[in-house]
1. Which numbered condition trips up Y192, out of (1) in contact with a Leu (Cβ under 7 Å, 6 or more places away or on another chain); (2) farther than 21 Å from G172 by Cα?
2. If you take the residues of the stretch 1-25 that are open to solvent by less than 70 Å² (accessible area, probe 1.4 Å) and part of a helix (DSSP H, G or I), which of them is modelled with the highest pLDDT?
3. Part of a loop (DSSP other than H, G, I, E, B), in contact with an Asp or Glu (Cβ under 6 Å, 6 or more places away or on another chain), at pLDDT below 95 and closer than 14 Å to G272 by Cβ - does that describe any residue in the stretch 156-175?
4. Given the stretch 208-268, what strands (runs of 3 or more DSSP E) lie entirely inside it while holding 2 or more residues that are among the aliphatic types (A, V, I, L, M) and more than 60 Å from the chain's Cα centre (by Cα)?
5. The conditions are (1) modelled with pLDDT under 75; (2) under 30 Å from I228 (Cβ atoms); (3) surrounded by 12 or more Cβ atoms within 10 Å (Cβ to Cβ), and L184 fails exactly one of them. Which is it?
6. Test L117 against the stated conditions and say whether it is open to solvent by 100 Å² or more (accessible area, probe 1.4 Å) and among the hydrophobic types (A, V, I, L, M, F, W, C).
Amino acid sequence: MSISPNIPSPDESYRYEATGTPRWISVLFGVVIALLAVLGYAGYTTQSRMGQDLAEQQKQNKVLTAQLDEANTRIADVKSKMEIATQRMGLTQSELAQAKSRAESIRKEQQESDQKLTAQLTQAQKENDEKIVAVATEVGGAKKDIEATKTDLEATKGKLERSLGDMNVMSGLIARNHDDLDDLKRRGDRNYYEFTVQKSKSAQRVGPVQMSLNKTDPKKAKYTLTVIADDKTIEKKDKTSGEPVQFYVKGSAHMAPYEIVVFDVGKNQITGYLATPKEGGAAPAPAATPAPAAATATPTKP
């Protein structure tokens with residue numbers, strides 16, 4: 001087996017190694033060791049830093065975990081409150097639905113009540129209108145009657161007269177007959193007492209006085225009369241039919257006198273009326289013997 005001339009023989013190799021290790025190998029070895037040291041330090045540093053980072057990360061993880069737990073607790077609390085609120089909201093909605101239904105019922109009832117009230121008011125208004133029309137008709141009729149009465153009174157006033165009485169005092173309106181006396185009564189200016197007095201020994205009461213017929217003269221329409229008032233006896237002698245026979249009684253001096261007007265003179269009786277003022281009438285005359293049944297006096301109050 002031939003050996004290449006470039007490859008040393010074992011013996012030469014031995015001699016070569018024996019002569020010493022090359023320098024570069026030592027340098028290389030030193031570099032490797034330094035590199036390993038550097039790498040070891042770097043690894044240690046990196047490991048240490050990684051350990052610190054890991055510890056810091058774990059610490060942060062703990063903080064995050066605590067925060068997460070707190071957040072979960074809050075979420076659970078919020079969820080619980082939301083569930084309670086939801087339940088309450090559901091109850092409130094139910095109550096609102098009931099309230100709405102009740103309000104609708106009340107509204108319908110109110111509408112029905114308003115319709116009934118409107119109908120009643122309409123009916124009442126209709127009845128009131130009918131009553132007003134009826135009253136207006138009655139008032140119109142009464143007004144016509146009043147106007148007619150007023151017209152009659154005005155016409156009667158034209159027929160009635162005034163004259164001086166036997167005491168030279170102007171009399172009130174004088175009635176000449178029973179119909180005229182009725183007109184005077186309707187006017188109501190004074191109190192009127194219609195009478196028919198017969199000749200008698202006994203006086204008869206006419207309103208607040210008493211009268212006694214002494215004599216009559218039908219042909220001349222004259223009569224003589226005695227009046228008893230306030231315990232006083234007043235004789236009116238030879239008076240004429242239609243003449244106002246006047247006299248005063250106690251308390252009437254400041255007012256118009258009492259007036260007797262006779263519009264019919266018979267054989268034994270006279271017919272006429274006594275007129276007295278409206279205010280301050282005299283006190284009743286003293287009692288006297290009742291007149292015979294045939295003699296009558298009709299008092300008329302206003």
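The values are calculated or read from the model by the stated rules, or taken from the named source; none is laboratory data. The shown structure was predicted, so the numbers you read here are calculated from the model rather than taken from an experiment. Cβ: placed from backbone, ideal geometry, glycine included. Neighbour counts: every protein chain shown. Quick note on the areas: whole protein, heavy atoms, side chains included, nothing else; ligands and nucleic acids left out. Shrake-Rupley method; radii C 1.70, N 1.55, O 1.52, S 1.80 Å.
1. (2)
2. I25
3. Taking every residue of the stretch 156-175 in turn, at least one turns out to be part of a loop (DSSP other than H, G, I, E, B), in contact with an Asp or Glu (Cβ under 6 Å, 6 or more places away or on another chain), at pLDDT below 95 and closer than 14 Å to G272 by Cβ.
4. In the stretch 208-268, 209-217, 222-229, 258-265 are the strands (runs of 3 or more DSSP E) which contain 2 or more residues that are among the aliphatic types (A, V, I, L, M) and more than 60 Å from the chain's Cα centre (by Cα).
5. For L184, the failing item is (1).
6. Taking the combined requirement at face value, the residue does not satisfy it.
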